[in-house]
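Just so you know, all these numbers are worked out from the coordinates, no wet-lab data involved. For clarity, every value in this text was computed on a predicted model and none was experimentally measured. No Cβ is skipped: glycine too gets one built from the backbone with ideal geometry, and neighbour counts run over all protein chains shown.
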Amino acid sequence: MMDLSEPFQSLDDPIRRSISELGWTSPTPVQEKVLPAMRTGRDLIVQAHTGSGKTGAFGIPIAEALDPEANHCQALVLVPTRELANQVAEETAILAKHKGLRCLAVYGGVGYQHQIDAFEAGAHLVVGTPGRILDHLGSGRFDLGKLRILIFDEADEMLSLGFWPDMREIQRYVPKKRQTCLFSATIPERVRSLARSFLIDPEYVSLSEGQLGPQQIEHYYVVTTAQEKETTLVRILEHDEPDSAIVFCNTKADVRYVTAFLQRRGFDADQISGDLTQAAREEAMGRIKSGKLRFLVATDVAARGIDISDLSHVISYAAPESPEVYVHRTGRTGRAGKAGVAISLVSGLDIGNFRYLQQVNRIEISEREVPKEETLRERLRERLMVKIEREVRALPEKEQRFLVQRFVPIVNELAASEDGRGDLAAICAAYMREHKPEVRVTDTPPHGSSDPEARQSRHGNDERPRRRRRGRKRGGTGASS
Ligand code: ADP
Ligand code: MG
């Protein structure tokens, strides 16, 4: 066996063998911090960037803690996508195998039988997406009554994809006494709300030097060209799905242009101009805060005096002309304990000026890539799947058998022709528009639909026997908004 450095060296033999198999010789910084912290049994919030080795950071302590003799699920790792479920399950399976622990990946979009069989064989560790996990819990095939460790991996991403209602419902199936650890590359307000609902007195582990608490504002810039600015903006909005955002432009002409561009693309956007009275500008802000409007496009002048601290994103369509303006734009988000994201589109020509602005303001602004087309498609697919699965879960069995089946041949027929596929896509688009992603962490009761009436009718005649729910809601309130 290879020579391992601490804290790997002191691990039990089976886990050291696994680590050697993975070719790891020394822990990554996040593993170095998280391993001892998780061993204490405390709840944790871990902020570390992508690629820092978070899977191992929770995988190793889980492998250490679980008992192969106890034949039930002892650890659950919730992840946002099926790709991640497979990836994490693969790595943790290696970490756990020499100890005789079985690991299972569970996610939607595939048949149930294989997963059901695997549950029957017994899994000590389950890695899965919240929707499908909830399916199995609801049908009684899966039991978390003896869960000891709950992990949220990529928590922010999980919330972005609209999994909050599912996560909240899962909470009812897990015992109150457990260890819960949350991992995320970023810790915006909604992630902290999630932490408040699920974690008790967590320890905060961050890899960013000199930072004691979660960062209030995350600063990013994206390099683009003058020609591609609008499409870059659209891609960022599509990718991040901000709850609400203000888009700053440097000129009134840009404000008009960007607003029209966004509206044409189906974004819920409006502009404010400096010609409006303070009251009219406040009114526009009110519409954003109440969720009636999502994107506000403005110049610095038009936005003066209005409080944007409730907005999740501040986007600079054009890089601010002076360091003071940057501080002014971004300094008003992330207030009152809320975290915000600031993103600046910077064209090649402005880069020098933008670097200068960072230096003057002593703000660390990290570069972000323009989201790729395939990434956007994948996220859209995931968001749609989250919703589809929730709908299917909420369907009474009778309806599943008859009404839904009625549509199967029709869907087949439609999917066979170009026009028909366009029609199906239109239905998906309309559905997504009407059912906005539930990215906010709220205290509303968990269920498929946010519309109480729809919920009533859907569940009203549900004769499917429902299992009694175990465990109690923990932590009470603590969610934001
Ligand atoms: P994150 O979840 O933080 O994005 P991952 O857990 O996916 O990162 O790890 C990124 C890569 O680093 C993976 O390929 C993983 O196998 C590898 N890795 C993790 N820990 C170590 C280690 N201690 N030594 C070498 N490679 C490691
Ligand atoms: Mg990861």
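Name the residue farthest towards the positive end of the dipole of the chain from the options V441, V191, L424, assuming +1 on Cβ of Lys and Arg, -1 on Cβ of Asp and Glu, about the Cα centre.
So the residue furthest toward the plus end is V441.
Angle between the Cα long axis of helix 418-434 and the longest principal axis of the chain, 0 to 90 degrees, nearest 10?
80
Taking K146 as the anchor, which aspartates and glutamates have their alpha carbon closer than 14 Å to its alpha carbon, excluding any fewer than eight residues away along the same chain?
Excluding near neighbours in sequence, the set is D67, E69.
With every atom except the alpha carbons ignored, what do you get for Rg and Dmax of the chain, in angstroms?
24.0, 73
Could you work out the equivalent-ellipsoid semi-axes for segment 67-153, taking the square root of 5 times each eigenvalue of the Cα gyration tensor, largest first, in whole Å?
18, 15, 12
Using only the alpha-carbon atoms, what does segment 8-214 span along each of its principal axes? Please give whole angstrom values in decreasing order.
48, 40, 30
Working from Cα positions, state the angle (0 to 90°, nearest 10) between the long axis of helix 229-240 and the longest principal axis of the chain.
30
Rounded to the nearest Å, what's the spacing between the alpha carbon centres of segment 84-132 and segment 236-295? Just the number, please.
44
Specify the inter-centroid distance of segment 1-53 and segment 377-443, based on alpha-carbon positions, in whole Å.
41
Is the shape of segment 217-371 best called rounded, prolate or oblate, per the rule: a/c under 1.5 gives rounded, else a/b larger than b/c gives prolate, else oblate, with a ≥ b ≥ c the square roots of the Cα gyration tensor eigenvalues?
In terms of gyration-tensor shape, rounded.
Report, in debye and to the nearest 20, how large the dipole of the chain comes out about its Cα centre when Lys and Arg carry +1 and Asp and Glu carry -1 on their Cβ.
1660
Kindly provide the helix-only [θ] at 222 nm of the chain, computed as the sum of -39,500 (n - 2.57) over DSSP H runs of four or more divided by all residues, to the nearest 500 deg cm²/dmol?
-13000 deg cm²/dmol
Against the longest alpha carbon principal axis of the chain, how many degrees, from 0 to 90 and to the nearest 10, is the axis of helix 13-22 turned?
The helix 13-22 is inclined about 50 degrees to the chain.
Relative contact order of segment 76-129, please, whole-number percent, based on alpha carbon pairs below 8 angstrom and at least 6 residues apart.
Computed over segment 76-129, the figure is 53 percent.
Treating the beta-carbon of each Lys and Arg as +1 and of each Asp and Glu as -1, no other charges, what is the dipole magnitude of segment 244-357 about its Cα centre, to the nearest 20 debye?
300
Relative contact order for the chain using alpha-carbon pairs under 8 Å, separation at least 6, rounded to a whole percent?
Answer for the chain is 18 percent.
If you put +1 on each Lys and Arg Cβ and -1 on each Asp and Glu Cβ, how big is the dipole of segment 8-214 around its Cα centre, in Debye rounded to 20?
460
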